[in-house]
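Here's the structure, in structure tokens; my notes come after.
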Amino acid sequence: MNPKRTSIIILGAGGVGGYFGARLVEHDAADVTFLVREQRKAALERDGLTVLSPHGNIMNLAVDARTASELSGAAPDFVILTCKAYDLDAAMDAIGPVLGPSTAVVPLLNGLAHMPRINERFGAANVLGGTVSLQLRQRSDGVIEHGNVWQFITIGEQQGGISARVEQLVAALAASKVTARASDDIAQKLWEKIVMLATLAAMTTLMRASVGAIASAPGGATLSLRMLELNAAAAAHAGHPVPEAQLGQWRTMFADTSSTLTASMLADMQLGKPVEADHIVGDMLNRVRTASLDTTLHAAAYANLKAYEATRGTT
């Protein structure tokens, strides 16, 4: 008897959801359905899903795309939740009717602040932790561009350990040729990600520049490294110290004058789009404050983002 195929519903077919979903479909690694709005469904049915990537392009891939009403009661093994933090309430409303008693919700949002809200809505026992590392952007025509060679995804149980359902999802992802890992301490991985991401997002949006341009400016690298150290200290205060080897890699990265790396939040600002100011930079500001650390640099970065939000669309 053949084992039951893993069923996955992915909310949205944007950058993260579209990329991992396309790889799963490309390699027939799971039964994948994209939960999308009517307009996106029509575009996918007409054009398919296209991904441009160093790991191989996927052109006009036929995918199963349906609306929320069409998926009510579907009860898949997993629902992968990919959205911006400011859309989280609407995203949870969309997936609620889709879930079954054994469905695991897998949020792949940046940061930490979303986890309590999702746990409260669906129950912590029904929610896995997840984090990704890759650079993506979705063009106005729906094409997904993969900007680097990273395609890491890590999944784990919030309470620790590696369960059968985590192994099931990781096996499907690994079969799609991405770098998928099961973690027995996903909280630690989420903290490590936010330490780096909050540094990258805060500094590149504050300076309106890449990591390399900031590092080339007088005192720029010192400011980036100061923010990194404060974020790491806040993580340690919360019981999640970042390994010194990892911190060493990030110190080198933020001091690299040749780096073109920027946060996606900067790209959103440059396009006049909403940003995750509260969810990433504001949340880390609060965590640095809770650890009784110097908040001057974080406060400046957060004020910069809130000023952008206040004036967005007015000029």
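The values are calculated or read from the model by the stated rules, or taken from the named source; none is laboratory data. All values derive from a computational prediction rather than experimental measurement. Don't worry about glycine lacking a Cβ; one is built from the backbone with ideal geometry, like all the others, and counts go over all protein chains shown.
Of the residues Gly161, Gly142, only one is free of Cβ contacts under 8 Å to residues at least 60 places away in the same chain and either in contact with a Gly (Cβ under 8 Å, 6 or more places away or on another chain) or more than 15 Å from Gln246 (Cβ to Cβ) (or both); which?
Details: Gly142 fails: free of Cβ contacts under 8 Å to residues at least 60 places away in the same chain.
Just a single option satisfies the conditions, and that option is Gly161.
Out of region 142-174, which residues are surrounded by 19 or more Cβ atoms within 10 Å (Cβ to Cβ) and either outside the structural domain of Gly21 (by TED's automatic domain parsing) or assigned to a loop (DSSP other than H, G, I, E, B) (or both)?
Of everything in region 142-174, just one residue is surrounded by 19 or more Cβ atoms within 10 Å (Cβ to Cβ) and either outside the structural domain of Gly21 (by TED's automatic domain parsing) or assigned to a loop (DSSP other than H, G, I, E, B) (or both), namely Gln151.
So the check is Cβ under 6 Å with 6+ separation or different chains; which pairs have a first residue in region 262-273 that's in contact (Cβ under 8 Å) with a residue 24 or more places away in the chain and a second one that's in a helix (DSSP H, G or I) and hydrophobic (A, V, I, L, M, F, W, C)?
Sorted first by the residue in region 262-273, then by its partner, the pairs are Ala263/Leu200; Ala263/Ala201; Met265/Ala201.
Can you name the residue in region 196-231 that is over 17 Å from Ala300 (Cα atoms) and not polar (S, T, N, Q) and is also farthest from the chain's Cα centre (by Cα) among such residues? Quick ask: steps written out before the conclusion?
Start the filter on region 196-231 by keeping residues that are over 17 Å from Ala300 (Cα atoms), which leaves 196, 210-213, 215-218.
Remaining after also requiring not polar (S, T, N, Q): 196, 211-213, 215, 217-218.
Numbers: Met196: 13, Val211: 20, Gly212: 23, Ala213: 25, Ala215: 25, Ala217: 29, Pro218: 32 Å.
Restricting to residues being over 17 Å from Ala300 (Cα atoms) and not polar (S, T, N, Q), the top hit is Pro218.
Every residue in region 73-110 that is under 21 Å from Leu134 (Cβ atoms), among the charged types (D, E, K, R) and either in contact with a helix residue (DSSP H, G or I) (Cβ under 8 Å, 6 or more places away or on another chain) or in a loop (DSSP other than H, G, I, E, B) (or both), please.
Result: Lys84, single match.
Go over the candidates Asp77, Asp93 one by one and state the one that is out of contact with any Pro (no Cβ under 9 Å at 6 or more places or on another chain), touching a residue at least 24 places away in the same chain (Cβ under 8 Å), assigned by TED's automatic domain parsing to the domain that holds Val32 and of a type outside the set (Val, Ile, Thr). So that I can check it myself, show each step before the final result.
Values: Asp93 fails: touching a residue at least 24 places away in the same chain (Cβ under 8 Å).
It is Asp77.
What are the pairs with Cβ atoms under 7 angstrom where one residue, in region 229-245, is without any contact (Cβ under 8 Å) to a residue 60 or more places away in the chain and the other, located anywhere, is surrounded by 16 or more Cβ atoms within 10 Å (Cβ to Cβ) and acidic (Asp, Glu)? Sequence gap at least six, or different chains.
Going by the 7 Å Cβ cut-off, the qualifying pairs are Val242/Glu192.
In region 36-79, what residues are β-branched (Val, Ile, Thr) and loosely packed, with under 14 Cβ neighbours inside 10 Å?
Restricting attention to region 36-79, the residues satisfying the condition of being β-branched (Val, Ile, Thr) are 36, 50-51, 58, 63, 67, 79.
Passing the criteria: none in range.
Condition check: out of contact with any Ser or Thr (no Cβ under 6 Å at 6 or more places or on another chain), assigned by TED's automatic domain parsing to the domain that holds Val51 and more than 17 Å from Leu112 (Cα to Cα). Does Leu134 satisfy that?
Details: out of contact with any Ser or Thr (no Cβ under 6 Å at 6 or more places or on another chain): yes; assigned by TED's automatic domain parsing to the domain that holds Val51: yes; more than 17 Å from Leu112 (Cα to Cα): yes.
Yes.
Which condition does Thr82 not pass, out of (1) over 17 Å from the mean Cα position of the chain (by Cα); (2) buried (at least 17 other Cβ atoms within 10 Å of the Cβ), if it passes all the others?
(1)
Could you list, in sequence order, the residues of region 237-262 that are over 12 Å from Met196 (Cα atoms), among the aliphatic types (A, V, I, L, M) and surrounded by 14 or more Cβ atoms within 10 Å (Cβ to Cβ)?
Result: Ala238, Ala255, Leu261.
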